[in-house]
Amino acid sequence: NDQFISGYQAIRDDLDYIVENMHLSYQFEQHADAFRVITLVDIPVGADLMHKKINFRKHPIAHFELLLSGEEIKSNALWENEMLEKILRKKLLDYIIASYDNPHKIPMLKREWPDRRAKADAILFFLSHPYFNAFEFYFWDIDDRFLREWRTKKSISPEEALHSILGNRKERSVKKALYSRYRTFQKAASKYEKHYPFAQAPSSFDTTTPFVICSCFDDPNITTMLLLEDTDFFGRHIQDFGVEIEAVLDTDTLVRFILFLKRHYSERQIAALLIKVQNEESLWMDILMMVSHYMEIIEKEFTKVKLSVYRLHDEIVRCSEYETNEAIKRKHFFYGQKAVDTCVTIDELSFTLPATGEELMEWAGILHNCMAGYADRIESGQSVIYGIFREDKLCYAVEIRDGDIIQYSGKYNSEIGESDRDTIIMWHTRHFKKA
């Protein structure tokens, strides 16, 4: 009997064997913020020889959770056993639906659903937002600012929510534009076959964009025009190469950013910029990400430029790098005699070493590249950067590491012409490839 029990216990961590050969039982739990299923297997813990009986206890081997936010959490064991993960997910979805598939509990569920996961997601959504009294909220991408405000209410309708977005705006034209924007969304939403309440997607009604517009633009004509644009200028679903920037964009910071731009530009100029961002979404996303991290520095260091997405992006990049650049400027570089001896002139090309971080930054500005970011490598001796001049005019830069050319280029990282490239290779061969 002891050998039997020891052998039985030995396989309790062999999940593949357990799933395929042993009887599993399941325990369901509902917590304030999650549903959970635990799978258990009977493990012998002792033998009762008098009654010819083995005593068992239930041993948990894996668990799977669905948070009310829609996030999945699974135990480490499930990372190696997809079959058990599928079993637990299905059983938990069935449990959630069986517990709340009643219009008296959640009236908004009385409709057709494309699959059980969509229905379970809807249950999670309305359990996490019990104050919503209409199914329409299922399609909303709601900023945390509003969630904090609305969760204090016992019940809120879409009309009341739209009124919150308007803020203190009283103009009929502005209100009409916001409701028109929402009706346009409603028409599109009615065509969706599948619903994703926890995803920030183009199929969601973005609350951030109309709120920022209503909060920042005083001219009702400009406010109305922007609200009627079919673009979410500040929506969290803005993507770059498919990567969402959810949770990066803070509404209060966005309002602060637009109000800051108003110190330098007219509302009409800013509105024209916003209308163009849909054609430069990648750069605009980059601007918003930098604003979310460097707003204080931007306010301090910003220099007015002609307002376009490209120029605004470059200026905000400059501001965001201000502190780093100040540290680079203070650096001084020291070289051994061998490196100094490589500073020669060959066929009108003069090879020069930067003496300071400030000089390196000047070179980077002339060539429009990122060589200033190599200051730490130069200081530590990992790399050496040479500026290549013709008649005192900087034309190229070359990076040398461990005696090898790592890269060389001209302005905007352009390729170097064949003749000058041959001269650079000749210089490198003479000074770094000696036998």
Every residue from the range 342-378 that is closer than 22 Å to residue 422 by Cα and either in contact with a His (Cβ under 7 Å, 6 or more places away or on another chain) or among the charged types (D, E, K, R) (or both): 342, 347, 348
Considering only residues that are in contact with a helix residue (DSSP H, G or I) (Cβ under 9 Å, 6 or more places away or on another chain) and exposed (fewer than 15 other Cβ atoms within 10 Å of the Cβ), which ones fall in the range 375-392? 376, 382, 390
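Kindly evaluate residue 170 against the criterion of being assigned to a loop (DSSP other than H, G, I, E, B) and in contact (Cβ under 8 Å) with a residue 12 or more places away in the chain. Walk me through how you get there before you give the answer.
Values: assigned to a loop (DSSP other than H, G, I, E, B): yes; in contact (Cβ under 8 Å) with a residue 12 or more places away in the chain: no.
So residue 170 fails the test.
Would you mind finding the one in 287, 328, 366, 297 that is within 21 Å of the chain's Cα centre (by Cα) and either closer than 26 Å to residue 395 by Cβ or at pLDDT 85 or above (or both)?
On the way: 328 fails: within 21 Å of the chain's Cα centre (by Cα); 366 fails: within 21 Å of the chain's Cα centre (by Cα); 297 fails: within 21 Å of the chain's Cα centre (by Cα).
Checking each option against the conditions leaves just 287.
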For residue 294, the lone unmet condition from (1) touching a residue at least 40 places away in the same chain (Cβ under 8 Å); (2) of a type in the set (Phe, Trp, Tyr); (3) in a helix (DSSP H, G or I) is (1)
Of all residues in the range 78-115, count the ones that are of a type outside the set (Lys, Arg) and in contact with a Ser or Thr (Cβ under 9 Å, 6 or more places away or on another chain). 3
Filter pass, residue 29 being modelled with pLDDT of 80 or more, closer than 30 Å to residue 135 by Cβ and in contact with a strand residue (DSSP E or B) (Cβ under 7 Å, 6 or more places away or on another chain): yes
Out of 15, 66, 24, 49, which single residue is more than 28 Å from the chain's Cα centre (by Cα) and either at pLDDT 85 or above or closer than 30 Å to residue 129 by Cα (or both)? 24
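Going through 372, 355 one at a time, which residue ends up being exposed (fewer than 14 other Cβ atoms within 10 Å of the Cβ) and within 30 Å of residue 300 (Cβ to Cβ)?
Working: 372 fails: exposed (fewer than 14 other Cβ atoms within 10 Å of the Cβ).
Sole residue among the options that is exposed (fewer than 14 other Cβ atoms within 10 Å of the Cβ) and within 30 Å of residue 300 (Cβ to Cβ): 355.
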Which residue, of 54, 61, is at pLDDT below 90, surrounded by fewer than 17 Cβ atoms within 10 Å (Cβ to Cβ) and among the β-branched types (Val, Ile, Thr)? 54
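Residue by residue, here is whether (1) assigned to a strand (DSSP E or B); (2) closer than 19 Å to residue 83 by Cα holds:
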residue	(1), (2)
19	no, yes
27	yes, yes
32	no, no
35	yes, no
38	yes, yes
41	yes, yes
46	yes, no
50	no, no
57	yes, no
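Picking from 91, 110, 86, which residue would you name as being surrounded by fewer than 17 Cβ atoms within 10 Å (Cβ to Cβ), touching a residue at least 40 places away in the same chain (Cβ under 8 Å) and over 27 Å from the mean Cα position of the chain (by Cα)? Quick ask: steps written out before the conclusion?
Working: 110 fails: touching a residue at least 40 places away in the same chain (Cβ under 8 Å); 86 fails: touching a residue at least 40 places away in the same chain (Cβ under 8 Å).
When all the criteria are applied, what remains is 91.
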Considering only the range 331-346, state which residues are over 40 Å from the mean Cα position of the chain (by Cα) and exposed (fewer than 12 other Cβ atoms within 10 Å of the Cβ). 334, 336, 337, 338, 340, 341
Residue 306 meets each of (1) over 28 Å from residue 146 (Cα atoms); (2) in contact (Cβ under 8 Å) with a residue 12 or more places away in the chain with one exception, condition (2)
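Kindly evaluate residue 4 against the criterion of being modelled with pLDDT of 80 or more and either outside any strand (DSSP E or B) or not acidic (Asp, Glu) (or both). So that I can check it myself, show each step before the final result.
On the way: modelled with pLDDT of 80 or more: no; either outside any strand (DSSP E or B) or not acidic (Asp, Glu) (or both): yes.
No: the conditions fail for residue 4.
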For residue 166: the one exception among (1) crowded, with 17+ Cβ neighbours inside 10 Å; (2) closer than 24 Å to residue 96 by Cβ; (3) of a type outside the set (D, E, K, R): (2)
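Can you spot a residue in the range 83-93 that is part of a loop (DSSP other than H, G, I, E, B) and in contact with a helix residue (DSSP H, G or I) (Cβ under 8 Å, 6 or more places away or on another chain)? So that I can check it myself, show each step before the final result.
If we filter the range 83-93 for residues that are part of a loop (DSSP other than H, G, I, E, B), which is where we start, we get none.
Checked against the condition, which is being part of a loop (DSSP other than H, G, I, E, B) and in contact with a helix residue (DSSP H, G or I) (Cβ under 8 Å, 6 or more places away or on another chain), the range 83-93 yields no hits at all.
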Can you give me the ranges of the helices (runs of 4 or more DSSP H) entirely in the range 182-273 with at least 2 residues that are under 15 Å from residue 146 (Cβ atoms), out of contact with any His (no Cβ under 8 Å at 6 or more places or on another chain) and modelled with pLDDT of 85 or more? 208-216, 251-261
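Looking at the range 302-324, which of its residues are assigned to a helix (DSSP H, G or I), surrounded by fewer than 17 Cβ atoms within 10 Å (Cβ to Cβ) and of a type outside the set (A, V, I, L, M, F, W, C)? Walk me through it before giving the result.
Start the filter on the range 302-324 by keeping residues that are assigned to a helix (DSSP H, G or I), which leaves 309-320, 322-324.
Narrowing further to those that are surrounded by fewer than 17 Cβ atoms within 10 Å (Cβ to Cβ): 310-311, 314, 317-318, 322-324.
Within the range 302-324, 310, 311, 314, 318, 322, 323, 324 qualify.
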Going through the range 101-138 in order, the residues found to be out of contact with any Pro (no Cβ under 8 Å at 6 or more places or on another chain), among the aromatic types (Phe, Trp, Tyr) and assigned to a helix (DSSP H, G or I) are 126, 135
Could you list, in sequence order, the residues of the range 412-435 that are surrounded by fewer than 13 Cβ atoms within 10 Å (Cβ to Cβ) and among the charged types (D, E, K, R)? 415, 418, 422, 430, 433, 434
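The values are calculated or read from the model by the stated rules, or taken from the named source; none is laboratory data. It should be emphasised that the depicted structure is a prediction, and the values quoted were computed from it without experimental measurement. Positions of Cβ are generated from backbone atoms using ideal geometry, with glycine treated the same way; all protein chains shown enter the neighbour counts.
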